[in-house]
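The values are calculated or read from the model by the stated rules, or taken from the named source; none is laboratory data. The shown structure was predicted, so the numbers you read here are calculated from the model rather than taken from an experiment. With ideal geometry, Cβ positions are generated from the backbone for all residues, glycine too; neighbour counts draw on all protein chains shown. Accessible surface is based on the protein model in full, side chains and every heavy atom, while ligands, DNA and RNA are left aside. Shrake-Rupley method; radii C 1.70, N 1.55, O 1.52, S 1.80 Å.
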Amino acid sequence: MARLLHAQFSIVPVRSHLRIVLALSATLMLSACAGSQTPFDGLAGDQQPAHPEASLANGSAEQAKEYWATAYARNPRDEQAAIAFARVLKAEGSKDKALSLLQQATMYNPDSKPIASEYGRLALDFGQIDLAEKLIIRAEDASHPDWKLVSARGAIAAKRGDPKTARGFFEHALELAPNEPSVMNNLALTYALDGDARKAESMLKRAAEAGGDTTKVRQNLALVLGVQGRFEEAKQIAETDIAKDKAAANVAYLQKMVKATPVQLAKAPAGSDLGVEVEPAVVKAVAPAQAVDAGWAGTISE
């Protein structure tokens, strides 16, 4: 059912617009956990290894890397060393190396739930949905549910185009980790996809107040405001984290989309119909054939 987004704008199928919002946010948001992620964040909230020498907070990143690289080289079968070194690699942005390391660690420790959890959530970040689901299910412990795994299950459902199931997982994750901003962010986006921009807005404001990756949350909030036709508010929030000219260009492009007809939206990737120049990554993100996959991601951290 179409929803009137603002009195002065055309009535457009709300699902199409909100998929575009999610696709746009995939190019605009910063990751909650290092590297580029799309809104549904399977990795959000990861904690660094508990070992004091591994904590990036207690020493430099180089010290942590050196410590765990040595420990892992000494014994690649060591579960703790593999997980800790993978997390250090992720923290520095070398997620491809972390993925290869965890793949090998899984071969050495096929029954390890912690390694399956780490590997599964990172595979989700790389879009390897089937593998991620298999690993995350293996990692689950019904007697001690982990909110990160529950949230990852939500991200998987979302990426498969099932927002109702995704919302159930995110709601459960929020019960396990009340006020966890990454989960609130993801839950908000399921509301947005269903056309409830107001509820998404409220949840995103809660997520921003709770802390976490407030940059990503604020940019998602800007997009949700924009799809409601509240463009000036959206621009002001977007300018908090990105350059004013980029914020203005993104909001202007979104404004054109809200006003566009479905036919114009279908032609938008060609770049001429909406009359706004934006970064190529943004144009690519809103291609109709890619919109669902681009918007539903696993890290929305992920």
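Data overview
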| quantity | calculated |
| --- | --- |
| Rg(Cα) / (2.2 N^0.38 Å) computed for segment 195-238, rounded to two decimals | 1.03 |
| Highest to lowest packing among 82-92, 115-125, scored as the average C-beta count within 10 Å | 115-125, 82-92 |
| Nearest-0.05 FRET efficiency for GLN236 and LYS134, computed from C-beta distance (R0 41 Å) | 0.40 |
| Accessible area of segment 92-186 belonging to carbon and sulfur atoms, whole % at 1.4 Å probe | 50 percent |
| Pairwise label distance in nanometres, ARG74 with ASP245, each label 7 Å out on the Cα-Cβ vector | 5.3 nm |
| Calculated FRET efficiency for the pair GLU175/GLN103, C-beta based, R₀ 30 Å, to 0.05 | 0.40 |
| Members of LYS97/LYS148; LYS97/LYS159; LYS113/LYS134; LYS235/LYS259; LYS199/LYS256; LYS199/LYS244 lying beyond 19 Å, as alpha-carbon distances in this model show | LYS97/LYS148; LYS97/LYS159; LYS199/LYS256; LYS199/LYS244 |
| Highest-first arrangement of 240-249, 216-225, where packing means the average Cβ count within 10 Å | 216-225, 240-249 |
| 1.4 Å probe accessible area per residue over segment 101-230, in Å² | 38 Å² |
| FRET efficiency, 1/(1 + (r/R0)^6) with R0 45 Å, evaluated for SER202 and ASP141 via beta carbons | 0.85 |
| Percentage, to the nearest whole number, of Cα pairs in segment 81-219 over 23 Å apart | 37 percent |
| Pairwise label distance in nanometres, GLU209 with GLN63, each label 7 Å out on the Cα-Cβ vector | 3.8 nm |
